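Worksheet for the structure shown next.
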Amino acid sequence: MSETRKIAAILVADIVGYGRLAGADEERTLARLRALRSDLIDPTIAVHHGRIVKRTGDGSLIEFRSVVDAVRCAIEVQNGLVERNAGVPPERRIEFRVGIHLGDVVEESDGDLMGDGVNIAARLEGVAKPGGICLSEQAYWQVKGRLDLKVSDLGPTQLKNIAEPIHVYSLEVGQPAEPKPPLLPTKTPPFTRRFGFAPRAAAVAALVLLVVAGGWYLVSGRLMKPAEAGHLSIVVLPFTNLSGDPSQDYFADGATENLTTDLSRLGSSFVIARNTAFTYKGKNVDAKEIGKELGVRYVLEGSVQRDQNQVRVNAQLIDAESGGHLWAERFDKPLADLFSLQDEIVASLASQLGAELITNEARRAERAPAPDSMDLYFQGMAWLNNGRNPADTARARDFFERALALDSDNLEAAIGMADADVRAATGYYVDDKAERLASVEANLNRVLSRSPNNAWAHYLMGRVLVQTNRLSQAVAEWERALALNANMAAAHAQIGLAKLFDGHPEEAEGYELEALRASPRDTDANVWLAYIALAKLHLGAYQDALGVYRRSIELNPNYATARFYLAATLAELGRLDEAKTELKAALVLNPGFTIRRYRAGAQSDNPAFLKGRERIIEGMRKAGVPEG
């Protein structure tokens with residue numbers, strides 16, 4: 001029997017006191033349970049992309065693509081059960097306990113899941129309160145800061161039949177989170193519901209006017225001041241359904257929720273939670289006012305229009321300070337599987353938005369009289385996105401280094417510096433590749449010790465491993481990154497490159513096309529095209545490689561290595577004058593590139609790969625690349 005090991009978000013749910021309920025009235029209990037599954041539970045699981053692995057009478061084992069999806073599904077189901085239990089005597093209520101864990105599981109050929117990941121989720125369910133949700137520490141860190149409800153830290157907890165204690169967090173469904181912005185000074189009495197009595201109504205009205213005029217506002221009966229708009233802070237407003245059919249709201253709402261989730265994965269982002277954003281649904285609101293109310297720099301709004309054959313999605317990014325439009329995009333897609341289509345559109349939007357937000361933050365930072373650590377980080381990211389060549393990479397690294405000098409705990413800057421160092425070591429910028437990669441690996445291990453579920457850190461670790469001939473370990477890191485962030489297109493691209501290094505260039509293109517499908521306008525799209533062209537070079541398809549390299553360079557002319565490969569391709573096709581012209585442009589970008597450095601940078605000892613690489617070296621010689 002074949003089986004697959006993977007990282008997954010696992011939800012286990014069980015009915016509280018099911019034996020007692022069934023014993024009192026089994027037929028009625030089963031009928032109510034079937035109705036709950038068909039009307040509430042199963043549709044909610046589907047909306048959040050869950051897969052029901054199995055049901056065990058009163059319990060369920062469900063797999064989700066992300067912890068965010070699992071937690072949102074659990075909260076919606078628990079809230080729905082509260083509504084349905086209203087007016088029902090306590091002894092007849094159907095209540096669930098839920099446990100959620102992110103961990104290693106084994107998927108068998110029939111789709112069943114086994115392993116520690118499942119066992120821990122099941123034991124977490126056992127310690128949850130009726131109507132509650134318990135998360136392991138691994139799961140909690142995926143949603144920390146995105147929850148609009150109270151969280152209780154239960155600390156390390158010894159779970160039944162689990163060897164080591166598990167740090168457990170309990171989500172208190174129905175209880176709002178403690179507000180984060182500062183309250184008025186403690187010597188001022190809190191503003192509570194007791195002011196609601198009629199004799200004090202005039203005082204309340206006067207106080208509210210003063211509060212609004214002074215920039216303070218009411219949250220859960222307390223006076224609070226909006227936070228100053230932080231770096232890369234954004235709210236995704238509910239997308240408008242323009243289809244004329246209210247029953248199609250679910251598609252627009254689903255796109256809004258998923259986009260909120262994906263944007264929250266951006267490093268250092270602050271994304272307003274879904275529940276708050278949806279309070280603006282159907283309202284004609286001004287972006288500048290929203291920015292002030294929520295303390296965000298950016299507002300994303302959009303619309304969805306669907307007919308029988310096509311779906312159109314429009315989105316626009318607005319500067320909440322000026323009200324100006326920064327970016328807009330439209331997607332027209334043929335109608336197919338709706339959830340797959342929604343995933344494709346959201347992934348593409350999130351990728352483009354991420355690059356656009358970084359660019360705008362970098363522009364703001366350039367104008368800052370005293371840039372802070374995050375200002376410097378965003379400027380570094382803008383240089384990384386500019387192109388893969390020694391000069392831009394060195395500028396980026398300088399900004400990351402300065403950011404870390406101001407704040408040594410800036411995790412995003414540490415990852416950015418690791419990215420710059422990987423590019424320098426693997427882009428043939430330096431002679432000490434092995435030493436550089438060893439240093440990056442040590443730095444990434446430190447990052448992962450602090451943030452074990454950081455998808456970008458796992459992605460970069462994969463790049464280090466693949467460049468040091470540890471291909472299977474590299475692929476495992478990229479698969480882990482994809483488990484943590486299913487929309488990480490770059491991980492697909494690197495797996496394709498690993499296929500090439502492993503002597504299977506014919507398998508590489510499919511992975512690159514998957515990356516381009518997931519993020520067609522990615523800042524690295526030109527690099528992925530260059531990987532396709534490189535695979536064609538190894539297959540001896542020079543004419544095909546030529547066309548793809550041309551497209552790659554049209555997208556971004558600053559990728560030095562692609563130009564060296566293009567020069568070799570032209571030389572192999574006998575177009576030496578064009579090859580020498582291309583080589584001049586390549587050497588402007590990377591003047592230190594030599595055949596000696598290129599040969600020393602071989603990523604694998606696979607004979608088929610090395611044979612193809614030697615053919616490329618001959619092409620480089622014909623074009624005039626210095627021997628070094």
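Assorted remarks:
- Among the listed pairs Lys433/Lys580; Lys150/Lys333; Lys6/Lys144; Lys281/Lys333; Lys150/Lys288, those beyond 32 Å (Cα-Cα): Lys150/Lys333
- Arg521 versus Asn309: modelled label distance in nm, points set 7 Å from Cα along the beta carbon direction: 2.5 nm
- Overall, region 492-560 carries a charge dipole of about 200 debye about its Cα centre when +1 sits on the Cβ of Lys and Arg and -1 on the Cβ of Asp and Glu, all other atoms neutral.
- Summarising the amide proton neighbourhood of Gly427: residues at separation of 5 or more, or on other chains, whose placed amide H is nearer than 5 Å comprise an empty set.
- Highest average first, the peptides 455-464, 116-125, 285-294, 394-403 ordered by how many other beta carbon atoms sit within 10 Å of their residues are 455-464, 116-125, 394-403, 285-294.
- Note that region 452-462 has calculated 3J(HN,Hα) couplings of x, 10, 7, 4, 5, 5, 5, 4, 5, 4, x Hz, one per residue in order, obtained from phi through the Karplus relation 6.51 cos²θ - 1.76 cosθ + 1.60 (θ = phi - 60°); glycine and proline are x.
- Lys, Arg +1 and Asp, Glu -1 on Cβ, resulting dipole of region 1-57 about Cα centre, debye, nearest 20: 220 debye
- Residues with amide H under 5 Å from that of Phe270, placed H, sequence gap 5 or more: Ser233, Ile234
- Once backbone amide H atoms are built at 1.01 Å from N, Lys150 has Glu172, Gln175, Ala177 as its partners under 5 Å, excluding neighbours fewer than 5 places away on the same chain.
- The modelled label-to-label distance for the pair Glu627/Arg20, using points 7 Å beyond Cα in the direction of Cβ, is 8.7 nm.
- Burial order of peptide ranges 370-382, 420-432 (average beta-carbon count within 10 Å, highest first): 370-382, 420-432
- Gain on full extension, evaluated as 0.36 nm per residue between Asp432 and Ala86 minus their Cα-Cα distance, stands at 117.7 nm.
- When peptides 242-254, 536-548, 95-107, 584-596 are sorted by average Cβ neighbour count within 10 Å, with the highest value leading, the order is 95-107, 536-548, 584-596, 242-254.
- Over the Cα atoms of region 1-70, the radius of gyration divided by the Kirkwood radius equals 1.06; this is the Rg/Rh ratio.
- Once the Cα-Cα distance is subtracted from the 0.36 nm per residue extended length, the Arg550 to Ala328 segment shows a gain of 77.2 nm.
- A simple spin-label model places the labels of Arg470 and Ala370 4.3 nm from each other, with each point 7 Å out along Cα-to-Cβ.
- Two-site FRET efficiency, Ala35 against Lys150, from Cβ-Cβ distance with R₀ of 30 Å, rounded to 0.05: 0.50
- Positive dipole terminus of region 368-506, leading residue within Asn410, Phe399, Leu465 (C-beta point charges): Leu465
- Computed from phi, the 3J(HN,Hα) profile of region 8-19 under the Karplus parametrisation 6.51, -1.76, 1.60 (θ = phi - 60°) reads 8, 8, 10, 10, 10, 10, 8, 7, 6, x, 4, x Hz, with x in place of Gly and Pro.
- Straightening the chain between His167 and Ala600 buys 151.2 nm, computed as 0.36 nm per residue apart minus the Cα-Cα spacing.
- Rounded to the nearest 20 debye, the dipole magnitude of region 538-605 is 240 debye, with +1 charges on Lys and Arg beta carbons, -1 on Asp and Glu beta carbons, and the Cα centre as origin.
- Within the accessible area of region 1-138 (1.4 Å probe), percent carbon and sulfur: 49 percent
The values are calculated or read from the model by the stated rules, or taken from the named source; none is laboratory data. Nothing here was measured: the structure is a model prediction, and the numbers come from that model. Glycine gets a Cβ as well: all are built from the backbone with ideal geometry, and neighbour counts include every protein chain shown. Each accessible area value is taken on the protein alone, full model and side chains, heavy atoms only, with ligands, DNA and RNA left out. Shrake-Rupley method; radii C 1.70, N 1.55, O 1.52, S 1.80 Å.
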